[in-house]
1. Against the conditions (1) surrounded by fewer than 20 Cβ atoms within 10 Å (Cβ to Cβ); (2) within 14 Å of the chain's Cα centre (by Cα); (3) among the charged types (D, E, K, R), where does Asp192 fall short? Just the number, please.
2. For segment 148-167, does any single residue satisfy the condition of being open to solvent by 40 Å² or more (accessible area, probe 1.4 Å) and in contact with a Pro (Cβ under 9 Å, 6 or more places away or on another chain)?
3. Please go through (1) farther than 14 Å from Phe244 by Cα; (2) in contact with a Lys or Arg (Cβ under 9 Å, 6 or more places away or on another chain) for Glu140 and return the number of the only condition it doesn't satisfy.
4. Can you confirm whether Asn204 is open to solvent by 20 Å² or more (accessible area, probe 1.4 Å) and more than 16 Å from the ligand (Cβ to nearest atom)?
5. Would a scan of segment 160-168 turn up a residue that is at pLDDT 95 or above and within 16 Å of the ligand (Cβ to nearest atom)?
6. Got a sec? Which strands (runs of 3 or more DSSP E) wholly within segment 135-246 have at least 1 residues that are among the aromatic types (Phe, Trp, Tyr) and in contact (Cβ under 8 Å) with a residue 12 or more places away in the chain?
7. If you check every pair at least six apart or on different chains, which have Cβ atoms under 6 Å apart with a residue in segment 69-82 that is in contact (Cβ under 8 Å) with a residue 24 or more places away in the chain and assigned by TED's automatic domain parsing to the domain that holds Asn114 first and a residue that is open to solvent by 30 Å² or more (accessible area, probe 1.4 Å) and near the ligand (Cβ under 10 Å from one of its atoms) second?
8. Return the pair list, or none, for Cβ contacts closer than 7 Å from residues in segment 104-123 that are free of Cβ contacts under 8 Å to residues at least 40 places away in the same chain to residues that are open to solvent by 10 Å² or more (accessible area, probe 1.4 Å) and within 16 Å of the ligand (Cβ to nearest atom), at least 6 apart or on different chains.
Amino acid sequence: MDENKRNFLKKGTLLGLVGLVNSIAGKEKFIHLKVATNYLSGTPSFKLPPLPYAFDALEPFIDKQTMEIHYTKHHQAYIDKLNANPSTNLDYRADDISNCKSVDVSTSPLVRNNLGGYFNHGLFWTLLKPNPKTESNLAEGKLSDAIRKDFGTFDNFKKEFSESAAKVFGSGWCWLIVKDGKLKITTTPNQDNPYMKVAAEQGNIVLALDVWEHAYYLKYQNKRTDYIGGWWNIINWKKADELFNTK
Ligand code: MN
């Protein structure tokens with residue numbers, strides 16, 4: 001066994017243990033386990049994380065066709081590009097890719113765009129709640145209190161976030177993050193996210209909204225504000241509160 005292979009297996013075992021411990025702790029760290037498994041099998045590759053609901057589960061706010069294409073084509077494409085360039089991304093896999101925090105993406109546009117696309121979408125799916133109810137979908141738990149503390153009212157937060165998301169020029173994301181103990185709204189271009197060192201505002205992600213045209217164009221065409229308006233009905237506030245509390 002050559003040294004590369006040995007290091008490769010060593011990293012895999014380590015990640016496997018980390019994954020196991022996190023998994024026992026009840027955290028959603030399935031990506032660690034997946035990566036570790038791939039390392040140990042000798043065929044490292046990024047995999048599409050499971051979608052936690054059916055393609056039509058977010059109807060009518062996100063239509064079935066958009067969801068299917070977004071997940072099986074767009075999300076998959078970022079993964080395919082990472083896997084097609086193993087020499088570029090291999091080192092990055094040794095890092096904690098489930099949170100992007102330790103990855104310096106500034107030297108490689110390929111890693112920046114595709115690791116970002118891989119991570120951002122995996123998180124975004126979990127922040128959407130299937131089977132929307134007719135009553136208002138409001139923030140929960142400690143996050144709800146923090147929103148009122150930092151934005152005055154939930155409606156004010158909703159207004160500010162919606163305006164920021166609408167203003168993203170071209171393709172990008174709108175985020176709610178925790179920075180220096182306070183909630184803050186920020187946006188990133190392309191597939192950047194606030195965990196990246198290249199981001200203008202860094203912080204821990206609580207909410208994510210994809211405002212690329214591919215996320216809404218089939219149903220909403222140029223009406224991004226209608227897509228944003230619909231999104232408030234399908235936010236998974238339980239997951240957002242969980243992210244807020246684990247920081
Ligand atoms: Mn997208």
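1. Condition not satisfied by Asp192: (1).
2. no
3. (1)
4. Spelling it out, Asn204 is indeed open to solvent by 20 Å² or more (accessible area, probe 1.4 Å) and more than 16 Å from the ligand (Cβ to nearest atom).
5. yes
6. It comes to 172-179.
7. His74/His214
8. Filtered contacts from segment 104-123: Leu110/Lys81.
The values are calculated or read from the model by the stated rules, or taken from the named source; none is laboratory data. The model shown is predicted, which means the values in this text are computed figures rather than measured ones. Note that each Cβ is placed from the backbone with ideal geometry, even for glycine, and that neighbours are counted across all protein chains shown. These accessible areas exclude ligands, DNA and RNA; they are computed on the full protein's heavy atoms, side chains included. Shrake-Rupley method; radii C 1.70, N 1.55, O 1.52, S 1.80 Å.
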